[in-house]
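Inspection log for the structure reproduced underneath, given as structure tokens.
Where a number appears in this text, it was derived from the coordinates with a stated rule and is not lab data. What you are looking at is a predicted structure, and each value in this text was computed from that prediction instead of being measured. Cβ: placed from backbone, ideal geometry, glycine included. Neighbour counts: every protein chain shown.
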Amino acid sequence: MSQNSLETLFAIEAIKKLKYIYLRAVDTHDWALLESTLTEDCSARYDGGKYSFDDREQLVSGLKGHMDSPQVLTMHNCHHPEIDIIDGSTASGKWYLQDLVFNKEQNWMLFGTAIYTDQYRFSEGEWRICHTEYDRILETINAPIPSTLSFTHNMFEKK
């Protein structure tokens, strides 16, 4: 295997790890960790542009505003990555998203799927997301949350 092939494989694996960290940061409300996955000029267009942000500060603040409550529980899974290394400092990727959201405050739950399209930039020795967006394939909302659904654990509620 050539050095270029190895560098490409290492870059792809680093970008996979980056996306997984991004998703974990969102689900665990770790806003500092989320910030570390994004370039300062990162932009985002979620849900076909319904939620749009033009830099890292707006993006983190916007997600925090929607989700930073112990009553908002989420699970974001991305899989089937299609990552293309464009050159030594830029890459693009597509991911299949499955998400589950429980908003216990507003008494609704969501299940959805979407396709993420990302752009990545390598600088200062690390890959970071410089643009992210997704378009929904499907979305279901159940309101109210069924009374038979019980939450046996919530990492955000102290016991």
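Which of Leu38, Leu149, Leu23, Leu33 has the fewest other C-beta atoms within 10 Å, and how do the rest follow up to the most?
Least to most surrounded, the residues fall as Leu149, Leu33, Leu23, Leu38.
Please determine, in degrees from 0 to 90 and to the nearest 10, the orientation of helix 56-67 with respect to the longest principal axis defined by the Cα atoms of the chain, where the helix direction is its Cα long axis.
20 degrees
Quick one: how many lysine pairs does the chain have with C-alpha atoms less than 21 Å apart and a gap of 8 or more or different chains? Give me the count, please.
10
Suppose we keep just the alpha-carbon trace of region 4-159; what are its Rg and Dmax in angstrom?
16.5, 56
Using alpha carbons only, how many degrees (0 to 90, rounded to 10) separate the axis of helix 3-27 from the longest principal axis of the chain?
The angle comes out at about 20 degrees.
Give me the distance between the Cα centres of region 69-85 and region 109-146, rounded to whole Å.
Region 69-85 and region 109-146 have Cα centres separated by 6 Å.
Looking at the chain as a GNM with Cα springs under 10 Å, which of Thr39, Thr148, Thr132 has the largest mean-square fluctuation?
With Cα springs under 10 Å in the chain, the top fluctuation among Thr39, Thr148, Thr132 is at Thr148.
Once every DSSP H run of n ≥ 4 in the chain is given -39500 (n - 2.57) and the sum is divided by its residues, what mean residue ellipticity at 222 nm do you get, rounded to the nearest 500 deg cm²/dmol?
Mean residue ellipticity, 222 nm, calculated: -9000 deg cm²/dmol.
Within a 10 angstrom radius of the beta carbon, how do Met155, Met75 rank from fewest other beta carbons to most?
Ascending number of Cβ neighbours within 10 Å: Met155, Met75.
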